[in-house]
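The values are calculated or read from the model by the stated rules, or taken from the named source; none is laboratory data. On a predicted model such as this, the values are computed, not experimentally measured, just so you know. Every residue, glycine among them, receives a Cβ derived from its backbone with ideal geometry; neighbour counts consider all protein chains shown.
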Amino acid sequence: MNHKPRVLFLSVGDSTRSQIAEGFLRTFAGEEFVAMSAATRSPEADPLAREVMQEVGIDIAGQHAKDIKESLTEHFSYVVTVCDASREEFPLRRFTCNILHWSVLDPQQAQGTTERKRQVFRHVRDEISRRVRDFLDACERRRKTEHGTVLAR
């Protein structure tokens, strides 16, 4: 039986950053991973997040963040916190031993015109895209190393 790694992206506040990360993982990894997102306050992503993801051809409108209480009763191969506050607020060790902390700017805090806010959302989108690609590269290196170790025995 082929086990797909389950990845939870966790955010404090709304689920904008976690849903962006979920969308990228689904797109980049296809069926290789099970991607989920959760947030502590609001499961809704900002409409600007959907807009800037649509600009790169990814539709996150159908995604729904999980309830944080429900999420933290499950086991995940990886939990990725997308902000410093989620790292500090939640003892995640019992849900996985693979915890990654990404300190990503909260685009909800952007001030100014709609266009200025859109620019901030694009910046956050691009940073999360890079981090998801780096995550997948690290997983692939790990898989190859483990596979090579098994073959060497």
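Hey, PHE95 hits all of (1) modelled with pLDDT under 90; (2) surrounded by 15 or more Cβ atoms within 10 Å (Cβ to Cβ); (3) part of a helix (DSSP H, G or I) but one; which does it fall short on?
Looking at each condition in turn, PHE95 falls short on (3).
Might you let me know whether segment 2-15 holds any residue that is farther than 19 Å from SER103 by Cβ and buried (at least 23 other Cβ atoms within 10 Å of the Cβ)? Please lay out each step first, then the result.
If we filter segment 2-15 for residues that are farther than 19 Å from SER103 by Cβ, which is where we start, we get 2-6.
With the extra rule that they be buried (at least 23 other Cβ atoms within 10 Å of the Cβ), the set shrinks to none.
Checked against the condition, which is being farther than 19 Å from SER103 by Cβ and buried (at least 23 other Cβ atoms within 10 Å of the Cβ), segment 2-15 yields no hits at all.
Given the structure, is ARG116 exposed (fewer than 12 other Cβ atoms within 10 Å of the Cβ) and either under 12 Å from the mean Cα position of the chain (by Cα) or modelled with pLDDT of 95 or more (or both)?
In short, yes.
Can you list the helices (runs of 4 or more DSSP H) found entirely within segment 44-91 that contain at least 2 residues being under 13 Å from the mean Cα position of the chain (by Cα) and at pLDDT 80 or above?
Result: empty, no element qualifies.
With the condition kept exactly as written, say whether any residue in segment 13-25 is free of Cβ contacts under 8 Å to residues at least 60 places away in the same chain and within 21 Å of ALA110 (Cα to Cα).
yes
Just give me the residues in segment 12-43 being part of a loop (DSSP other than H, G, I, E, B), out of contact with any Pro (no Cβ under 9 Å at 6 or more places or on another chain) and of a type outside the set (S, T, N, Q), in sequence order. Before the answer, list the steps.
Within segment 12-43, the first condition is being part of a loop (DSSP other than H, G, I, E, B), and the residues that meet it are 12-13, 15, 33, 40-41, 43.
In the following step, the residues that additionally are out of contact with any Pro (no Cβ under 9 Å at 6 or more places or on another chain) were identified as 12-13, 40-41, 43.
Within segment 12-43, VAL12, GLY13, ARG41, PRO43 qualify.
Evaluate the following for GLU44: is it surrounded by fewer than 20 Cβ atoms within 10 Å (Cβ to Cβ), within 16 Å of VAL120 (Cβ to Cβ) and charged (D, E, K, R)?
Criteria not met by GLU44.
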